[in-house]
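Each remark here refers to the structure printed beneath this line.
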Amino acid sequence: MAAPESDLATAPPRWRGPLLVVSRWVLALAGALVIFSALLLAKGANPVDAMLAMVSSTFTQQRSVEQIFIQMSPLVLGALAVAVPARAGLTNVGGEGQIIIGAVAACGTFLLLGESIGGPVLVLLMLVASALAGAAWAGLAAGLRLLAGVNEAISTLLLNFVALDVLLFLIYQPWRESPTGQPTTLELADSAKLPVLAGTSVHVGIVLAVVLVVVVHLVLNHTRWGFRVSVAGGNSEAARRSGMKVPILLCSALLIGGALAGLAGMIHFAGVEYKLRPGFGSQLGYTSFLACWLARHRPFPILLAAFTFAALSVGSDSLQLDSGVPAASINVLTALILLAVLGFTASRKKASA
């Protein structure tokens, strides 16, 4: 049945909705930049000059652009590790620990098999080991959720500190390269390091990250499992009454998230660090968590969010060298951008309520 002419006359133009969305995004981000500019002024720097120098040094130099994609790779996988459980209504704050455990498993595989197996086979085994270890670490939280009713946000967060203790024990004791040297493991053999893309220093981890973004999107949106997980996350009681095995769905979502975070740890280990050390992967998991929230738990926007966080990280060096502002000040801009986007989302929901 066609809509009455009066309704058509009073209906807003179709372009007004998207324009309003874009306008609110622009205003929110502009507000974040204004506040950050005030901080730069307080530090004695010219905001315009500082930001132009940061943008120029970040995006006009090949080395800086390559660093963005290198740092972006584990962030994408770490953010996916949050997005998959989020579809099931779960909050995975344990990306930091799962990344560490994934790297530990990859390093252990190398130390165990490195002398007898080399090349692509060893890299593949490290990938498998890291995914299984990350899934197992997340499985601890899943077990606590299902058997003892412990909220996964608490258990995954606390397991981060346990994973760090495991790492420190290994690099200070059995896996330490030299009793008198720094507490690090033996450096990864060249044959086990991730290969780089031709003509760049960017390793193939970025390719794996993009492929997994596509895979996760397809699984969540175009498979029966993805549909069931969404139903369980939206209304678990309705899912139970319809015959779905909700505990298995929740557990599988958290396990897959842990596996993705474990892969992030392996990529960072075999593509950047090449050895375990006390500060390995510091804040990777927490930054990935923020990137996922910035993307609102959607796979493809995670690529843009991870790129943004990586670019801000690379740009922080320019901020310190060119403007004399501490590199840590970029964390303020990161927080302001995140708050602006979350505030935009909250206000939008409130307006539509």
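The values are calculated or read from the model by the stated rules, or taken from the named source; none is laboratory data. Quantities reported herein were computed from a predicted structural model and do not represent experimental measurements. Note that we place each Cβ from the backbone using ideal geometry, even for glycine, and neighbour counts take in every protein chain shown. Side chains are part of the model used for accessible areas, which takes the heavy atoms of the whole protein and leaves out ligands, DNA and RNA. Shrake-Rupley method; radii C 1.70, N 1.55, O 1.52, S 1.80 Å.
Here are the numbers for this structure:
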{"read-out": "Positive minus negative residues near SER201 (Lys, Arg vs Asp, Glu; Cβ under 10 Å)", "value": "0"}
{"read-out": "Net charge over other residues, Cβ less than 15 angstrom from the Cβ of GLY243 (K, R count +1; D, E count -1)", "value": "+4"}
{"read-out": "Within segment 67-162, GluC sites (Glu not before Pro) in DSSP loop having at most 16 other beta-carbon neighbours inside 10 Å", "value": "GLU115"}
{"read-out": "Local net charge near PHE269, Cβ-Cβ under 12 Å (Lys/Arg +1, Asp/Glu -1)", "value": "+1"}
{"read-out": "Value of [θ]222 nm, deg cm²/dmol, for the chain, DSSP H segments ≥ 4, -39500 (n - 2.57) each, nearest 500", "value": "-25000 deg cm²/dmol"}
{"read-out": "Accessible area per residue, Å², the chain with all protein chains present, probe 1.4 Å", "value": "50"}
{"read-out": "Value of relative contact order over segment 210-353, rounded to a whole percent, pairs C-alpha under 8 Å and six or more apart", "value": "16"}
{"read-out": "Over segment 203-307: Kirkwood hydrodynamic radius from C-alpha pairwise inverse distances, Å", "value": "15.4"}
{"read-out": "For q = 0.23, 0.24 Å⁻¹, Debye-computed log10 I/I(0) when each Cα of segment 26-70 counts as one equal scatterer", "value": "-0.83, -0.84"}
{"read-out": "Calculated P(r) over Cα pairs in 20 Å bins from 0, in percent (choose from (1) 27, 53, 18, 2, 0; (2) 27, 39, 20, 11, 3, 0; (3) 32, 58, 9, 0), label", "value": "(1)"}
{"read-out": "HIS203 long-range amide H proximity, modeled H, under 5 Å", "value": "LEU197"}
{"read-out": "Magnitude of the charge dipole, segment 120-201, Cβ model with Lys/Arg +1 and Asp/Glu -1, debye to 20", "value": "120"}
{"read-out": "Probe 1.4 Å - accessible area at LEU304, Å² to nearest ten", "value": "120"}
{"read-out": "From phi via Karplus (6.51, -1.76, 1.60), per-residue ³J(HN,Hα) for segment 46-61 in Hz, x at Gly/Pro", "value": "7, x, 5, 4, 5, 6, 5, 5, 5, 5, 5, 6, 7, 10, 9, 10"}
